[in-house]
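Have a look at the structure below, then the notes.
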Amino acid sequence: MDDPIRVAIVDDDGAFRQAVRHWFDGASDIVIVGTAQSGRETLPWLHEVHPDVVLLDVATATSQVHEISVLARVIVLHLPGQESRVLEALRAGALGHLDKQNTRPSQAIAAVRAVSRGEAVLSPAMAGWIMDEVTRSRRGNAP
Amino acid sequence: MSPIRVLIADDHRLFRQGLRQICEALGRFEVVGEAENGQEAVEMARRLKPDIVLMDVQMPVLDGVEATRLITADNPAVRVLVLTMYRQDRYVFEAIKAGARGYLLKDIDEQEFVDAVRAVHRGEALMDPGLATRLLDEFRRLSQDAVDAEELTPGEMEVLRLVAQGLDNKTIAAQLSLAERTVTNRLSEIYQKLHVASRTQAALVALRRGWVTLESDP
(Lines give C-alpha, C1' and ligand atoms only; values in the text may rest on other atoms or scores of the structure.)
Protein backbone atom coordinates (compact mmCIF):
# COMPACT_ATOMS: atom_id res chain seq x y z
CA MET A 1 0.00 0.00 0.00
CA ASP A 2 1.10 3.58 -0.65
CA ASP A 3 2.35 5.68 2.23
CA PRO A 4 -0.46 7.67 3.81
CA ILE A 5 -0.84 11.34 2.97
CA ARG A 6 0.61 13.40 5.83
CA VAL A 7 -1.56 16.36 6.75
CA ALA A 8 -0.85 19.27 9.11
CA ILE A 9 -3.52 21.71 10.29
CA VAL A 10 -2.64 25.34 11.04
CA ASP A 11 -5.39 27.52 12.47
CA ASP A 12 -5.67 29.73 15.55
CA ASP A 13 -9.03 28.32 16.64
CA GLY A 14 -8.44 25.20 18.73
CA ALA A 15 -12.00 23.91 18.51
CA PHE A 16 -11.92 24.33 14.76
CA ARG A 17 -8.62 22.45 14.53
CA GLN A 18 -10.32 19.53 16.26
CA ALA A 19 -13.27 19.73 13.89
CA VAL A 20 -10.94 19.68 10.91
CA ARG A 21 -9.12 16.68 12.35
CA HIS A 22 -12.41 14.80 12.43
CA TRP A 23 -13.03 15.47 8.75
CA PHE A 24 -10.47 12.76 8.09
CA ASP A 25 -11.65 10.15 10.57
CA GLY A 26 -12.95 7.96 7.78
CA ALA A 27 -9.88 8.14 5.55
CA SER A 28 -7.32 5.44 6.20
CA ASP A 29 -4.96 6.89 3.57
CA ILE A 30 -4.69 10.22 5.42
CA VAL A 31 -2.82 10.76 8.67
CA ILE A 32 -2.85 13.99 10.69
CA VAL A 33 0.76 14.62 11.69
CA GLY A 34 -0.05 17.59 13.88
CA THR A 35 -2.07 20.72 14.46
CA ALA A 36 -0.79 24.15 15.44
CA GLN A 37 -1.61 27.79 15.83
CA SER A 38 -0.16 30.06 13.20
CA GLY A 39 2.82 32.16 14.10
CA ARG A 40 6.53 32.54 13.70
CA GLU A 41 7.12 28.95 14.84
CA THR A 42 4.88 27.50 12.16
CA LEU A 43 7.58 27.07 9.55
CA PRO A 44 10.20 25.35 11.76
CA TRP A 45 7.45 23.13 13.12
CA LEU A 46 6.36 22.16 9.61
CA HIS A 47 9.97 21.30 8.80
CA GLU A 48 9.87 18.89 11.73
CA VAL A 49 6.60 17.14 10.91
CA HIS A 50 7.15 17.38 7.12
CA PRO A 51 3.56 17.10 5.91
CA ASP A 52 2.54 16.47 2.31
CA VAL A 53 -0.46 18.75 2.66
CA VAL A 54 -1.02 21.73 4.98
CA LEU A 55 -4.51 22.98 5.78
CA LEU A 56 -3.85 26.62 6.48
CA ASP A 57 -6.03 29.42 7.77
CA VAL A 58 -6.49 32.04 5.07
CA ALA A 59 -5.59 34.82 7.52
CA THR A 60 -1.98 33.63 7.35
CA ALA A 61 0.31 36.27 5.86
CA THR A 62 0.77 35.96 2.11
CA SER A 63 4.55 35.70 2.44
CA GLN A 64 4.12 32.78 4.83
CA VAL A 65 1.67 31.06 2.50
CA HIS A 66 4.38 31.27 -0.12
CA GLU A 67 7.05 29.83 2.17
CA ILE A 68 4.84 27.00 3.28
CA SER A 69 3.78 26.18 -0.26
CA VAL A 70 7.42 25.53 -1.07
CA LEU A 71 7.48 22.86 1.66
CA ALA A 72 4.14 21.22 1.06
CA ARG A 73 0.92 21.54 -0.89
CA VAL A 74 -1.36 24.09 0.70
CA ILE A 75 -5.13 24.18 1.04
CA VAL A 76 -6.40 27.40 2.60
CA LEU A 77 -9.36 27.33 4.98
CA HIS A 78 -11.66 30.32 4.82
CA LEU A 79 -15.09 31.68 5.62
CA PRO A 80 -17.68 32.72 3.07
CA GLY A 81 -16.89 36.26 1.95
CA GLN A 82 -13.12 35.88 2.15
CA GLU A 83 -12.73 35.20 -1.56
CA SER A 84 -10.26 37.99 -2.22
CA ARG A 85 -7.97 36.63 0.49
CA VAL A 86 -8.28 33.17 -0.99
CA LEU A 87 -7.29 34.64 -4.33
CA GLU A 88 -4.16 36.12 -2.74
CA ALA A 89 -3.29 32.78 -1.17
CA LEU A 90 -3.75 30.96 -4.47
CA ARG A 91 -1.56 33.54 -6.14
CA ALA A 92 1.06 32.99 -3.42
CA GLY A 93 1.18 29.26 -4.03
CA ALA A 94 -1.80 27.57 -2.39
CA LEU A 95 -3.27 24.82 -4.55
CA GLY A 96 -6.77 24.70 -3.18
CA HIS A 97 -9.30 26.09 -0.74
CA LEU A 98 -12.04 24.81 1.53
CA ASP A 99 -14.90 26.72 3.10
CA LYS A 100 -14.78 26.30 6.90
CA GLN A 101 -18.54 26.32 7.24
CA ASN A 102 -19.73 24.36 4.25
CA THR A 103 -17.24 21.55 3.79
CA ARG A 104 -18.35 17.96 4.22
CA PRO A 105 -15.76 15.41 5.35
CA SER A 106 -15.99 13.63 2.00
CA GLN A 107 -15.14 16.88 0.19
CA ALA A 108 -12.19 17.58 2.48
CA ILE A 109 -10.86 14.08 1.94
CA ALA A 110 -11.22 14.37 -1.83
CA ALA A 111 -9.50 17.78 -1.75
CA VAL A 112 -6.52 16.49 0.23
CA ARG A 113 -6.13 13.53 -2.13
CA ALA A 114 -6.34 15.80 -5.17
CA VAL A 115 -3.78 18.39 -4.04
CA SER A 116 -1.44 15.61 -2.90
CA ARG A 117 -1.45 14.55 -6.56
CA GLY A 118 -0.69 18.13 -7.57
CA GLU A 119 -4.18 18.97 -8.77
CA ALA A 120 -5.85 22.25 -7.97
CA VAL A 121 -9.06 22.27 -5.94
CA LEU A 122 -11.28 25.22 -6.79
CA SER A 123 -14.96 25.64 -6.06
CA PRO A 124 -17.00 26.63 -9.12
CA ALA A 125 -17.47 30.08 -7.60
CA MET A 126 -13.76 30.55 -7.01
CA ALA A 127 -12.94 29.29 -10.50
CA GLY A 128 -15.35 31.96 -11.76
CA TRP A 129 -13.52 34.62 -9.72
CA ILE A 130 -10.19 33.51 -11.09
CA MET A 131 -11.48 33.58 -14.64
CA ASP A 132 -12.67 37.12 -14.11
CA GLU A 133 -9.19 38.00 -12.85
CA VAL A 134 -7.50 36.24 -15.75
CA THR A 135 -9.72 38.01 -18.26
CA ARG A 136 -9.10 41.34 -16.57
CA SER A 137 -5.35 40.99 -16.42
CA ARG A 138 -5.15 39.76 -19.98
CA ARG A 139 -7.15 42.74 -21.13
CA GLY A 140 -4.99 45.02 -18.98
CA ASN A 141 -1.82 43.68 -20.59
CA ALA A 142 -3.10 43.95 -24.12
CA PRO A 143 -1.03 46.25 -26.30
CA MET B 1 -37.32 36.90 -12.72
CA SER B 2 -36.71 37.18 -16.45
CA PRO B 3 -35.59 33.98 -18.18
CA ILE B 4 -31.94 33.29 -18.98
CA ARG B 5 -31.32 34.30 -22.60
CA VAL B 6 -29.35 31.72 -24.56
CA LEU B 7 -27.66 31.75 -27.95
CA ILE B 8 -26.85 28.37 -29.52
CA ALA B 9 -23.83 28.07 -31.82
CA ASP B 10 -23.35 24.70 -33.49
CA ASP B 11 -23.04 23.63 -37.10
CA HIS B 12 -25.31 20.59 -36.69
CA ARG B 13 -28.96 21.45 -37.12
CA LEU B 14 -30.32 18.44 -35.25
CA PHE B 15 -28.08 19.15 -32.29
CA ARG B 16 -29.22 22.78 -32.20
CA GLN B 17 -32.83 21.70 -32.26
CA GLY B 18 -32.27 19.25 -29.45
CA LEU B 19 -30.56 21.89 -27.36
CA ARG B 20 -33.29 24.39 -28.04
CA GLN B 21 -35.93 21.96 -26.83
CA ILE B 22 -34.10 21.18 -23.62
CA CYS B 23 -33.40 24.86 -22.99
CA GLU B 24 -37.00 25.88 -23.48
CA ALA B 25 -38.89 22.93 -22.02
CA LEU B 26 -36.70 21.92 -19.11
CA GLY B 27 -34.76 25.08 -18.37
CA ARG B 28 -37.39 27.69 -19.17
CA PHE B 29 -34.59 29.59 -20.90
CA GLU B 30 -35.29 31.90 -23.79
CA VAL B 31 -33.36 30.80 -26.89
CA VAL B 32 -32.70 34.10 -28.65
CA GLY B 33 -30.93 32.69 -31.68
CA GLU B 34 -29.13 29.83 -33.43
CA ALA B 35 -25.80 30.35 -35.17
CA GLU B 36 -24.37 27.86 -37.68
CA ASN B 37 -20.76 28.97 -37.38
CA GLY B 38 -18.47 31.12 -35.27
CA GLN B 39 -18.83 34.20 -37.40
CA GLU B 40 -22.60 34.13 -37.10
CA ALA B 41 -22.24 33.55 -33.37
CA VAL B 42 -20.12 36.69 -32.99
CA GLU B 43 -22.56 38.79 -34.98
CA MET B 44 -25.62 37.44 -33.20
CA ALA B 45 -24.02 37.85 -29.78
CA ARG B 46 -23.28 41.47 -30.59
CA ARG B 47 -26.83 42.11 -31.76
CA LEU B 48 -28.85 39.99 -29.33
CA LYS B 49 -26.74 40.33 -26.16
CA PRO B 50 -27.53 36.87 -24.74
CA ASP B 51 -26.67 35.94 -21.16
CA ILE B 52 -25.16 32.63 -22.24
CA VAL B 53 -23.67 31.34 -25.47
CA LEU B 54 -23.55 27.56 -25.92
CA MET B 55 -20.53 27.19 -28.18
CA ASP B 56 -19.45 24.25 -30.28
CA VAL B 57 -15.66 24.08 -30.78
CA GLN B 58 -15.23 22.93 -34.35
CA MET B 59 -17.32 24.98 -36.72
CA PRO B 60 -16.81 26.24 -40.26
CA VAL B 61 -15.81 29.83 -41.14
CA LEU B 62 -14.70 30.70 -37.60
CA ASP B 63 -14.08 28.13 -34.86
CA GLY B 64 -15.53 28.23 -31.37
CA VAL B 65 -12.29 29.32 -29.69
CA GLU B 66 -11.85 32.38 -31.87
CA ALA B 67 -15.56 33.20 -31.65
CA THR B 68 -15.32 32.98 -27.85
CA ARG B 69 -12.39 35.37 -27.85
CA LEU B 70 -14.26 37.91 -29.97
CA ILE B 71 -17.51 37.63 -28.04
CA THR B 72 -15.98 38.01 -24.57
CA ALA B 73 -13.70 40.84 -25.73
CA ASP B 74 -16.75 42.56 -27.15
CA ASN B 75 -18.91 42.11 -24.10
CA PRO B 76 -17.44 40.51 -20.96
CA ALA B 77 -20.94 40.11 -19.50
CA VAL B 78 -21.72 37.37 -22.02
CA ARG B 79 -20.84 33.98 -20.57
CA VAL B 80 -19.67 31.36 -23.03
CA LEU B 81 -20.03 27.65 -22.30
CA VAL B 82 -18.16 25.31 -24.60
CA LEU B 83 -19.80 22.08 -25.72
CA THR B 84 -17.46 19.30 -26.68
CA MET B 85 -17.49 15.60 -27.48
CA TYR B 86 -14.32 14.81 -25.57
CA ARG B 87 -13.13 15.52 -22.07
CA GLN B 88 -9.54 15.78 -23.29
CA ASP B 89 -10.30 18.20 -26.06
CA ARG B 90 -7.11 20.17 -26.53
CA TYR B 91 -9.18 23.16 -27.59
CA VAL B 92 -11.04 23.34 -24.32
CA PHE B 93 -8.29 25.09 -22.42
CA GLU B 94 -7.72 27.39 -25.37
CA ALA B 95 -11.39 28.31 -25.13
CA ILE B 96 -11.04 28.90 -21.37
CA LYS B 97 -8.11 31.20 -22.01
CA ALA B 98 -10.20 32.92 -24.64
CA GLY B 99 -12.83 33.66 -21.99
CA ALA B 100 -15.14 30.64 -21.81
CA ARG B 101 -16.56 29.82 -18.37
CA GLY B 102 -16.25 26.11 -18.67
CA TYR B 103 -17.18 23.22 -20.85
CA LEU B 104 -19.86 20.57 -21.06
CA LEU B 105 -19.62 17.17 -22.65
CA LYS B 106 -22.17 16.62 -25.35
CA ASP B 107 -23.34 13.38 -23.74
CA ILE B 108 -24.32 15.17 -20.52
CA ASP B 109 -27.66 14.41 -18.88
CA GLU B 110 -30.43 16.94 -19.64
CA GLN B 111 -30.94 18.01 -16.05
CA GLU B 112 -27.19 18.36 -15.46
CA PHE B 113 -27.03 20.54 -18.55
CA VAL B 114 -29.77 22.85 -17.30
CA ASP B 115 -28.14 23.07 -13.86
CA ALA B 116 -24.80 23.87 -15.45
CA VAL B 117 -26.23 26.72 -17.51
CA ARG B 118 -27.84 28.16 -14.38
CA ALA B 119 -24.57 27.86 -12.44
CA VAL B 120 -22.63 29.70 -15.13
CA HIS B 121 -25.32 32.34 -15.22
CA ARG B 122 -24.78 32.84 -11.46
CA GLY B 123 -21.11 33.55 -12.18
CA GLU B 124 -19.69 30.13 -11.43
CA ALA B 125 -17.27 28.31 -13.67
CA LEU B 126 -17.41 24.65 -14.62
CA MET B 127 -14.09 22.96 -14.08
CA ASP B 128 -12.55 19.55 -13.78
CA PRO B 129 -9.35 19.09 -11.76
CA GLY B 130 -7.04 19.15 -14.78
CA LEU B 131 -8.59 22.30 -16.08
CA ALA B 132 -8.60 23.92 -12.63
CA THR B 133 -4.88 23.23 -12.29
CA ARG B 134 -4.10 24.81 -15.64
CA LEU B 135 -6.34 27.74 -14.84
CA LEU B 136 -4.50 28.33 -11.57
CA ASP B 137 -1.13 28.19 -13.36
CA GLU B 138 -2.34 30.72 -15.89
CA PHE B 139 -3.67 32.95 -13.10
CA ARG B 140 -0.29 32.91 -11.34
CA ARG B 141 1.60 33.55 -14.54
CA LEU B 142 -0.54 36.57 -15.40
CA SER B 143 -0.33 37.85 -11.82
CA GLN B 144 3.44 37.58 -12.04
CA ASP B 145 3.44 39.63 -15.24
CA ALA B 146 1.37 42.27 -13.50
CA VAL B 147 3.70 42.32 -10.50
CA ASP B 148 6.76 42.56 -12.72
CA ALA B 149 5.30 45.52 -14.49
CA GLU B 150 4.36 47.29 -11.31
CA GLU B 151 7.80 47.71 -9.84
CA LEU B 152 7.98 51.42 -10.51
CA THR B 153 9.98 53.49 -8.06
CA PRO B 154 8.14 56.32 -6.25
CA GLY B 155 10.07 58.78 -8.42
CA GLU B 156 8.97 57.06 -11.61
CA MET B 157 5.42 56.91 -10.35
CA GLU B 158 5.49 60.69 -9.75
CA VAL B 159 6.60 61.28 -13.32
CA LEU B 160 4.03 58.85 -14.71
CA ARG B 161 1.18 60.64 -12.90
CA LEU B 162 2.15 63.93 -14.50
CA VAL B 163 2.60 62.28 -17.91
CA ALA B 164 -0.96 60.98 -17.55
CA GLN B 165 -2.11 64.56 -16.99
CA GLY B 166 -0.71 65.41 -20.41
CA LEU B 167 2.27 67.49 -19.24
CA ASP B 168 5.47 67.63 -21.30
CA ASN B 169 8.90 66.79 -19.91
CA LYS B 170 9.90 70.38 -19.36
CA THR B 171 6.81 71.15 -17.29
CA ILE B 172 7.17 67.91 -15.35
CA ALA B 173 10.81 68.75 -14.59
CA ALA B 174 9.78 72.18 -13.33
CA GLN B 175 6.96 70.79 -11.17
CA LEU B 176 9.16 68.17 -9.55
CA SER B 177 12.25 70.40 -9.36
CA LEU B 178 14.23 67.92 -11.42
CA ALA B 179 16.56 68.24 -14.37
CA GLU B 180 14.76 67.56 -17.64
CA ARG B 181 17.36 64.86 -18.29
CA THR B 182 16.23 63.04 -15.12
CA VAL B 183 12.63 63.10 -16.29
CA THR B 184 13.67 61.64 -19.65
CA ASN B 185 15.61 58.88 -17.90
CA ARG B 186 12.74 58.01 -15.60
CA LEU B 187 10.39 57.97 -18.56
CA SER B 188 12.51 55.46 -20.46
CA GLU B 189 12.61 53.28 -17.32
CA ILE B 190 8.81 53.51 -17.17
CA TYR B 191 8.46 52.48 -20.81
CA GLN B 192 10.64 49.47 -20.22
CA LYS B 193 8.89 48.34 -17.05
CA LEU B 194 5.40 48.76 -18.46
CA HIS B 195 6.34 47.31 -21.85
CA VAL B 196 5.09 50.37 -23.71
CA ALA B 197 6.58 52.57 -26.41
CA SER B 198 5.01 55.99 -25.94
CA ARG B 199 3.81 58.40 -23.26
CA THR B 200 0.24 57.89 -24.40
CA GLN B 201 0.50 54.14 -23.87
CA ALA B 202 2.18 54.67 -20.50
CA ALA B 203 -0.65 57.00 -19.47
CA LEU B 204 -3.22 54.41 -20.57
CA VAL B 205 -1.57 51.70 -18.49
CA ALA B 206 -1.53 54.04 -15.49
CA LEU B 207 -5.24 54.74 -15.97
CA ARG B 208 -6.15 51.11 -16.44
CA ARG B 209 -4.32 50.05 -13.30
CA GLY B 210 -5.96 52.79 -11.30
CA TRP B 211 -2.67 54.60 -10.54
CA VAL B 212 -4.15 57.83 -11.84
CA THR B 213 -7.69 59.05 -12.42
CA LEU B 214 -9.09 61.35 -15.02
CA GLU B 215 -10.45 63.77 -12.43
CA SER B 216 -8.26 66.83 -12.30
CA ASP B 217 -6.79 67.92 -9.02
CA PRO B 218 -8.77 70.61 -7.19
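Key figures for this structure:
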item: Apportionment of accessible area to carbon and sulfur, the range B:56-103, percent (1.4 Å); result: 50
item: For q = 0.16, 0.27 Å⁻¹, Debye-computed log10 I/I(0) when each Cα of the range A:23-96 counts as one equal scatterer; result: -0.55, -1.31
item: For the protein assembly as shown, with +1 on Lys and Arg beta carbons and -1 on Asp and Glu, the positive-most of A:46, B:162, A:56 along the dipole; result: B:162
item: Under 16 Å from residue B:49, Cα to Cα: aspartates and glutamates that are on another chain or at least 8 residues apart; result: B:30, B:34, B:40, B:74
item: Max mean-square fluctuation residue, GNM over chain A, Cα-Cα springs under 10 Å, options A:80, A:105, A:51; result: A:80
item: Estimated vicinal HN-Hα couplings, Hz - the range B:41-55 in sequence order (Karplus 6.51, -1.76, 1.60; Gly, Pro = x); result: 4, 4, 5, 5, 5, 5, 7, 9, 6, x, 6, 10, 10, 8, 10
item: Helix axis angle, B:199-208 relative to chain B longest principal axis, alpha carbon, degrees; result: 60
item: Peptides A:17-23, B:72-78 ordered by average Cβ neighbours within 10 Å, highest first; result: A:17-23, B:72-78
item: Evaluated over the protein assembly as shown, the Cα radius of gyration and Dmax, each in Å; result: 24.4, 74
item: Acute angle (nearest 10 degrees) that the helix A:14-23 long axis makes with the longest principal axis of chain A, alpha-carbon atoms; result: 90
item: 9 Å beta-carbon shell around residue B:13, net charge (K/R +1, D/E -1); result: -3
item: Extreme residue, positive dipole direction of the protein assembly as shown, given options A:121, A:31, B:80 (C-beta unit charges); result: B:80
item: Binned Cα-Cα distances of the range B:43-190, short to long, each 5 Å bin given as a whole percent; result: 2, 9, 15, 14, 12, 8, 6, 7, 8, 8, 6, 3, 1, 1
item: Loss of accessible area when B meets A, both sides summed, Å² nearest 100, probe 1.4 Å; result: 2100
item: Amide H contacts of residue B:57 (H built 1.01 Å from N, under 5 Å, at least 5 apart or other chain); result: B:83
item: Pair residue B:1, residue B:46: separation of 7 Å Cα→Cβ label points (nm); result: 3.2
item: Part-to-part distance (alpha-carbon centres) for the range B:78-147 and the range A:73-101, which is given in Å; result: 20
item: Residues with amide H under 5 Å from that of residue B:80, placed H, sequence gap 5 or more; result: B:53, B:101
item: Among A:99, A:132, A:11: highest mean-square fluctuation, GNM of chain A, C-alpha pairs under 10 Å; result: A:132
item: Of A:63, A:106, A:28, the one that fluctuates the most in a GNM where chain A has Cα springs shorter than 10 Å; result: A:28
item: Separation in nanometres of the label points that stand 7 Å from Cα toward Cβ, at residue B:165 and residue A:18; result: 6.1
item: Two-site FRET efficiency, residue A:28 against residue A:117, from Cβ-Cβ distance with R₀ of 25 Å, rounded to 0.05; result: 0.90
item: 0 to 90° range, to nearest 10: angle between helix A:62-71 axis and chain A longest Cα axis; result: 60
item: Number of partner chain Cβ atoms within 10 Å, mean per residue of B:126-137; result: 6
item: Per-residue mean of C-beta atoms belonging to partner chains within 10 Å, peptide B:119-125; result: 5
item: Cα centre as origin, Lys/Arg/Asp/Glu Cβ charges: the protein assembly as shown dipole, Debye; result: 600
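The values are calculated or read from the model by the stated rules, or taken from the named source; none is laboratory data. In this text the structure is predicted, and so the values were computed from the model without any measurement. Neighbour counts run over all protein chains shown; Cβ positions are idealised from the backbone, glycine included. Side chains included, ligands, DNA and RNA excluded: accessible areas come from the protein's heavy atoms. Shrake-Rupley method; radii C 1.70, N 1.55, O 1.52, S 1.80 Å.
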